[in-house]
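Colleague: I'd like to ask you about the structure that follows.
The values are calculated or read from the model by the stated rules, or taken from the named source; none is laboratory data. Source: prediction; values computed, not measured. Backbone-built Cβ (ideal geometry, glycine too); neighbour counts: all protein chains shown.
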4 protein chains.
Amino acid sequence: MNHQDLINACQADWAEYTQHAFVKQLGAGTLPQPSYLHYLKQDFLFLKQYARAYALAIYKAPNLTGMRKALTSVHALLDSEIAHHVTYCSQWGLTEADMEAEAEDVGTVAYTRYVLDAGMTGDIVDLYTALAPCALGYAEIGRLLVASNETVREGNPYDSWISLYSGEEFQQGVAQGRDHLDSLLQDIDVNSPRGQHLIQVFKTATRMEVAFWQQGLNASQEG
Amino acid sequence: MNHQDLINACQADWAEYTQHAFVKQLGAGTLPQPSYLHYLKQDFLFLKQYARAYALAIYKAPNLTGMRKALTSVHALLDSEIAHHVTYCSQWGLTEADMEAEAEDVGTVAYTRYVLDAGMTGDIVDLYTALAPCALGYAEIGRLLVASNETVREGNPYDSWISLYSGEEFQQGVAQGRDHLDSLLQDIDVNSPRGQHLIQVFKTATRMEVAFWQQGLNASQEG
Amino acid sequence: MNHQDLINACQADWAEYTQHAFVKQLGAGTLPQPSYLHYLKQDFLFLKQYARAYALAIYKAPNLTGMRKALTSVHALLDSEIAHHVTYCSQWGLTEADMEAEAEDVGTVAYTRYVLDAGMTGDIVDLYTALAPCALGYAEIGRLLVASNETVREGNPYDSWISLYSGEEFQQGVAQGRDHLDSLLQDIDVNSPRGQHLIQVFKTATRMEVAFWQQGLNASQEG
Amino acid sequence: MNHQDLINACQADWAEYTQHAFVKQLGAGTLPQPSYLHYLKQDFLFLKQYARAYALAIYKAPNLTGMRKALTSVHALLDSEIAHHVTYCSQWGLTEADMEAEAEDVGTVAYTRYVLDAGMTGDIVDLYTALAPCALGYAEIGRLLVASNETVREGNPYDSWISLYSGEEFQQGVAQGRDHLDSLLQDIDVNSPRGQHLIQVFKTATRMEVAFWQQGLNASQEG
């Protein structure tokens with residue numbers, strides 16, 4: 001099996017995730033700013049847990065090559081991506097310490113701890129399968145947004161987000177991760193118990209992505 | 001420190017949990033039946049993960065006495081409590097296999113995987129602290145319901161729930177668990193970094209309990 | 001693949017384990033008593049860690065059926081097998097608390113922590129593969145001993161050990177565990193990376209079994 | 001409590017470790033070369049597992065500061081120290097792949113998996129306590145060797161080892177790690193159950209260090 005089998009097995013959830021109202025409003029530039037700020041703060045907390053999951057991938061890797069590959073991801077998360085969010089949020093006077101002190105919302109807890117537990121329970125293949133909806137989905141969302149005629153680039157306050165995730169660097173990184181996942185999946189029959197279990201893991205993580213977008217959207221309705 | 005310090009440090013969340021609308025409507029007998037059925041099915045899935053957490057407590061126990069104590073809990077969960085839910089739900093034609101095949105809702109994932117990850121990350125004290133809001137809270141809810149003049153016993157379709165959690169057997173079991181937790185906490189200064197960390201774990205687990213009630217309530221609004 | 005592929009891939013180590021001098025001397029009744037007592041005390045500590053590994057199998061099981069299966073093993077270990085060793089050692093005035101306070105020897109640490117780490121790193125299949133050499137090997141040793149004309153039953157101070165592991169109850173229990181392992185392995189190609197990794201896990205655990213016998217033998221030379 | 005309490009509680013084991021015959025022969029330049037080569041190959045495998053333990057420290061760290069601190073150690077292990085061993089062993093025509101394919105000896109398995117399991121079972125303090133005998137001991141050995149009049153520097157084939165571990169860079173790195181450990185231990189009473197448990201963890205890891213030296217020494221007697 002490969003990554004496409006995982007996506008095919010949860011088409012409805014995948015569409016709900018990659019074409020969520022949060023994403024469409026972000027593309028159109030109509031997303032309420034409180035939703036975006038809430039999302040960024042929660043995504044900061046998400047990335048911290050995500051870095052823990054890649055640390056687990058170092059622990060679970062079968063050899064030095066695999067350990068070094070996962071190390072690169074931990075590095076990118078702790079040094080680049082988290083720094084990006086901190087820089088962005090600093091315009092509202094928020095420091096890294098402020099952001100780390102924020103309470104994790106339910107969707108953030110659900111998604112991140114699901115990935116960590118699925119990865120701890122299973123082996124490295126389960127872990128990378130649980131991690132996959134995030135990267136694969138964001139890359140697809142980036143491509144969908146730039147291809148959509150509902151997307152507004154000029155004057156869109158979220159255009160830097162669109163640029164980041166549709167950009168060559170992010171797309172290439174995800175393509176490499178996708179190839180790595182495919183190599184891990186290649187000996188697994190999609191109809192075997194293991195194949196079916198991985199499908200459940202991917203589907204559940206995708207459902208948690210939907211909840212993560214939704215909590216961003218809800219933030220502007222609550223306050 | 002002891003369990004009361006944990007509760008005192010998150011009074012607002014604790015009140016939101018133990019006095020949630022779901023609980024009050026259950027006590028008054030006005031809770032929509034779809035909410036209750038949704039809750040039971042999710043609680044079945046919750047108990048399965050909870051049994052995994054007590055299995056982790058066997059793994060993390062410092063000695064044979066601690067291992068045997070946690071084993072008793074795994075036993076009670078897998079043999080008694082899960083069986084209770086299955087029996088109850090069988091009146092709607094549901095089998096254990098049906099219930100195990102249900103998708104976990106976001107609140108269920110959030111709460112259970114938080115407990116499992118907090119327990120895996122920390123030691124046995126962290127694990128029992130993350131597990132505590134469930135038992136301590138249900139015992140308090142049981143006591144609050146029987147003491148409240150808003151509670152209706154006769155003709156209340158949920159009276160067996162009230163009986164179960166206000167009953168002597170459940171209350172005594174929780175009292176023993178509470179004493180065990182207090183013995184684990186007794187050397188920890190509430191103001192030490194460790195004490196403050198345990199407060200965060202307890203508070204977060206309590207917040208996830210609130211989300212768990214809320215998803216039950218939402219179930220009757222959605223469908 | 002199945003359990004026989006695992007054994008076939010480490011024939012020399014398997015023979016060294018199942019036909020170790022410790023075992024032969026035990027069968028002939030010539031094993032020095034200090035070696036046997038040292039072995040029993042270390043095996044007590046081994047069983048405690050082994051129970052932790054089966055607790056991990058509850059945590060890692062994919063469904064309630066798998067959780068209950070592993071629970072049965074934890075039960076048998078904590079209630080029956082450990083009790084057996086305690087009863088046996090009580091003739092030297094040792095209590096369970098005395099035995100739990102013994103220091104773990106290097107071979108005991110190596111074997112048990114290898115199983116626990118291999119199981120935590122991998123999934124439930126890795127865990128049961130790491131656990132397999134113990135049960136499969138003891139069953140084979142029991143059969144080899146009763147079939148060997150070098151074995152002395154009458155007057156052999158270790159005859160109860162031979163009876164236990166060659167006995168119908170133990171042999172049937174192992175046969176069930178072997179069938180369970182075979183069902184877990186059946187979709188895995190012995191030549192796939194996963195198949196080859198499981199072979200390494202089984203082989204390493206087998207090598208640690210050899211070290212465990214050797215430390216028992218060494219005990220009578222040291223003191 | 002602090003790191004010195006840990007050492008004080010296992011004086012005999014600590015002396016056996018830091019003044020082991022392997023170390024003394026290395027200092028005198030009389031260590032058989034097969035012992036040294038065996039040690040280096042096993043130490044390469046040890047460092048790989050040690051890097052997994054520091055990856056676990058990223059997973060277990062309470063905040064971003066702690067995660068980044070542990071990341072630095074994973075980096076140093078995977079990029080610098082392992083590279084050093086590979087470079088050294090290349091004079092015997094060994095590649096990194098050759099070294100990774102070596103079988104782990106019993107002492108290597110015992111020590112590394114003990115650290116990993118103690119760290120997984122406990123929290124970050126248990127993990128750093130299990131990791132401590134290695135760094136603290138090597139720093140002490142480095143200092144003892146350069147201070148001893150039995151040590152021969154000139155013409156000693158192992159002088160680069162002495163230089164490395166007595167050197168300013170290594171000594172300062174260990175001093176920082178020691179201060180970090182002391183900060184983790186400062187709220188723990190040495191006589192509390194937790195303090196006594198940490199002493200057991202440190203002592204057991206120290207005993208496994210002794211076994212690690214011994215297996216190096218044994219290597220020249222076996223072959």
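Colleague: Conditions: (1) assigned to a helix (DSSP H, G or I); (2) among the aliphatic types (A, V, I, L, M); (3) farther than 28 Å from D:Ser183 by Cβ. D:Leu56 meets all but one. Number of the miss?
Modeller: (3)
Colleague: Say we look at the stretch A:21-44 and pick out the residues that are among the polar types (S, T, N, Q) and assigned to a helix (DSSP H, G or I); which of these is farthest from A:Ala147 (Cα to Cα)?
Modeller: A:Gln42
Colleague: Testing C:Pro32 on (1) within 8 Å of another protein chain (Cβ to nearest Cβ); (2) in contact (Cβ under 8 Å) with a residue 40 or more places away in the chain; (3) surrounded by fewer than 19 Cβ atoms within 10 Å (Cβ to Cβ), one condition comes back false. Which one is that?
Modeller: Of (1) within 8 Å of another protein chain (Cβ to nearest Cβ); (2) in contact (Cβ under 8 Å) with a residue 40 or more places away in the chain; (3) surrounded by fewer than 19 Cβ atoms within 10 Å (Cβ to Cβ), only one is false for C:Pro32: (1).
Colleague: Can you go through D:Thr108, D:Thr112, D:Thr72 and tell me which one is surrounded by fewer than 23 Cβ atoms within 10 Å (Cβ to Cβ) and hydroxyl-bearing (Ser, Thr, Tyr)?
Modeller: Only one candidate passes the filter, namely D:Thr72.
Colleague: Hey, does the stretch B:180-187 have a residue that's at pLDDT below 95 and surrounded by fewer than 19 Cβ atoms within 10 Å (Cβ to Cβ)?
Modeller: Yes.
Colleague: Which one of the conditions (1) of a type outside the set (Gly, Ala, Ser); (2) within 16 Å of the chain's Cα centre (by Cα); (3) within 30 Å of A:Asp117 (Cα to Cα) does C:Leu71 fail to meet, given that it meets all the rest?
Modeller: Going through the list (1) of a type outside the set (Gly, Ala, Ser); (2) within 16 Å of the chain's Cα centre (by Cα); (3) within 30 Å of A:Asp117 (Cα to Cα), C:Leu71 breaks only (2).
Colleague: Output yes when any residue across the stretch D:117-133 is under 18 Å from D:Gly216 (Cα atoms) and of a type in the set (S, T, N, Q), and no when none is.
Modeller: no
Colleague: Can you spot a residue in the stretch D:55-62 that is at positive phi and in contact (Cβ under 8 Å) with a residue 24 or more places away in the chain?
Modeller: No; the residues of the stretch D:55-62 include none that is at positive phi and in contact (Cβ under 8 Å) with a residue 24 or more places away in the chain.
Colleague: Just to verify a result, which residue in the stretch C:54-69, among those that are out of contact with any Lys or Arg (no Cβ under 9 Å at 6 or more places or on another chain) and more than 8 Å from chain B (Cβ to nearest Cβ), is surrounded by the most Cβ atoms within 10 Å (Cβ to Cβ)?
Modeller: Result: C:Tyr54.
Colleague: Give the residues of the stretch C:77-110 that are within 11 Å of chain B (Cβ to nearest Cβ) and closer than 23 Å to C:Gly177 by Cα, sorted by residue number.
Modeller: C:Leu77, C:Leu78, C:Asp79, C:Ile82, C:Ala83
Colleague: I would also like to ask the following. Based on what the data block shows, is D:Thr204 surrounded by 21 or more Cβ atoms within 10 Å (Cβ to Cβ), within 14 Å of chain C (Cβ to nearest Cβ) and either more than 20 Å from the chain's Cα centre (by Cα) or in a helix (DSSP H, G or I) (or both)?
Modeller: Yes, satisfied.
Colleague: Of the residues that make up the stretch C:123-143, is at least one away from chain D (no Cβ under 14 Å), of a type outside the set (Phe, Trp, Tyr), on the phi > 0 side of the Ramachandran plot and surrounded by fewer than 21 Cβ atoms within 10 Å (Cβ to Cβ)?
Modeller: Looking for residues that are away from chain D (no Cβ under 14 Å), of a type outside the set (Phe, Trp, Tyr), on the phi > 0 side of the Ramachandran plot and surrounded by fewer than 21 Cβ atoms within 10 Å (Cβ to Cβ), one finds none in the stretch C:123-143, hence no.
Colleague: Sticking with this structure for a sec: Please determine, by comparing only the residues of the stretch A:179-194 that are touching a residue at least 12 places away in the same chain (Cβ under 8 Å) and closer than 17 Å to A:Met67 by Cα, which one is nearest to the chain's Cα centre (by Cα).
Modeller: For the stretch A:179-194, the residue satisfying everything is A:Leu181.
Colleague: Go through the stretch D:85-106 and give me each residue that's part of a helix (DSSP H, G or I) and either within 28 Å of D:Ala61 (Cα to Cα) or hydroxyl-bearing (Ser, Thr, Tyr) (or both).
Modeller: Hits for the stretch D:85-106 are D:Thr87, D:Tyr88, D:Ser90.
Colleague: Kindly evaluate B:Asn149 against the criterion of being assigned to a loop (DSSP other than H, G, I, E, B) and over 23 Å from B:Asn8 (Cα atoms).
Modeller: yes
Colleague: Something else about it: Scan (1) over 30 Å from A:Lys48 (Cβ atoms); (2) among the aromatic types (Phe, Trp, Tyr); (3) crowded, with 23+ Cβ neighbours inside 10 Å for the single condition D:Trp92 breaks and write down its number.
Modeller: Among (1) over 30 Å from A:Lys48 (Cβ atoms); (2) among the aromatic types (Phe, Trp, Tyr); (3) crowded, with 23+ Cβ neighbours inside 10 Å, D:Trp92 violates only (3).
Colleague: Here is a further query. Could you please find all residues in the stretch B:163-201 being of a type in the set (S, T, N, Q) and within 12 Å of another protein chain (Cβ to nearest Cβ)?
Modeller: B:Ser183, B:Gln186, B:Asn191, B:Ser192, B:Gln196, B:Gln200
Colleague: Inside the stretch B:145-154, can you point out the residues that are in contact with a Gly (Cβ under 8 Å, 6 or more places away or on another chain) and not β-branched (Val, Ile, Thr)?
Modeller: B:Leu145, B:Ser148, B:Glu150
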